[in-house]
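Right, one structure below, let's go through it.
Coordinate-derived values only; no laboratory data. The structure displayed is predicted, hence computed values, not measured ones. Positions of Cβ are backbone-derived with ideal geometry, glycine not excepted, and every protein chain shown enters the neighbour counts.
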Amino acid sequence: MLSRWTGNVWGKLGSCGNAVQTLMMRSPIQGMMAASVRDYGNVGSTSLPSVAALPVVYHPSYSAPQLKEGHRFPMAVFGRIHHRLLNQHRLVEQDQVFQPAALPSEPDILLVHDPDYLHAFNTGTLDEARMRRIGFGETTRTPILVERTKAEIAGTLLTARLAIQHGLACNTAGGTHHAYRDQGSGFCILNDLAVTTEVLIQEGKVNKVLILDLDVHQGDGTASMIKGSIMVMPQGDGTASMIKGPCMVLPQGDGTASIFQGRSDVFTLSVHCESNFPARKQKSTLDIGLPDGMQDKEYLATVAEVLPSILTSFRPDLVLYDAGVDIHEADHLGKLQISDEGLLRRELLVLDTCLSFGIPIAGNIGGGYDSDLDVLADRHICLHRAALRMWREHGL
């Protein structure tokens, strides 16, 4: 399926074979106290905490507001992830959890969003059509959802800052990739990935960012904000020198080269199910649309083939990772057939690959849909399980 991606294929999938057994849970501790989190100053602060273990980011607003019973969006799962990480599985200690104490500034959000749209959202005056597209109904006009949406941006930004300093960090929410510049979509109102990318580039914290989106749905909002295009041309024919604007040439080993044109500082890679939402796809720097029903072996081989090639050629300073679990075979909205083990193997593959290249990675949980919130939370926690293992193995 990706025959043009030849050569630099990651060859460590076998090391994940017993991943589920290897990442054993800690024994429960009797009489455990309620979990707490550490406030971490202003999200724009340049003074980052030192850490001895994997940093995890959480904000109490992640699970607010309460939606109507039966709503498709699992708002309560974010708090459930936090609770199960600390109290149920004892994977994370209290002093590993950081909370952004300040919401992002309006100028930061306006780096990617339309001022009229942001004003309408802030003031609860979005029109009916825009609210329908978002999917939260009248709740969209409530101050509590405004705070929750901005807290998610703050959390993703803090996760990225911690990853830059320590090599790896994980959020317990994030990945609102369907939000466009002037409208929301698919339960996404403001785009935390795009805001975080632009803030860090504007501050000079990074020069280049890879937004790696492995949610089952294409990151259409992100793609619409960060335009790019791809051409496959005969290698060495001088085409790249004739292209106006920045481009990146990636030799394919078969006499051709893929030429990516667009922004030279941001690369958007979306690996998604082609028939899933949205029906009208946008153009990422590179889109890989997968067929319905794809299973573990083919899926992991696809990711293992493309990711090292992009890291080698683009050389980002940071990977923002949308680790959607709606690729799972039991997900209510996804059309792929990835098992529990396949999900964990994906996280190990992605994290190990990025860290082996010496590139910091910030994990955000992305989408996932199931009526059993404990089951869904544990799917998302595959990211944290893998991150804990990679933190140890890479000596972070």
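Distance distribution note for region 342-396: the fraction of Cα pairs above 19 angstrom is 29%. Sorting 116-125, 284-293, 365-374, 154-163 by average packing, meaning the other beta carbons within 10 Å per residue, from highest down gives 154-163, 365-374, 284-293, 116-125. Which log10 I(q)/I(0) values does region 65-112 give at q = 0.16, 0.21 Å⁻¹ under the Debye formula, counting every alpha carbon as one identical point scatterer? Calculated log10 I(q)/I(0) at the listed q: -0.74, -0.88. For Lys68 and Ala330, the FRET efficiency from 1/(1 + (r/R0)^6), where r spans their Cβ atoms and R0 equals 25 Å, is about 0.60. When the alpha carbon gyration tensor of region 273-396 is reduced to an equivalent ellipsoid, its three semi-axes come out at 23, 19, 12 angstrom, largest first.
Here the peptides 184-193, 68-77 are ranked by packing, the mean other Cβ count within 10 Å, and the order with the highest first is 184-193, 68-77.
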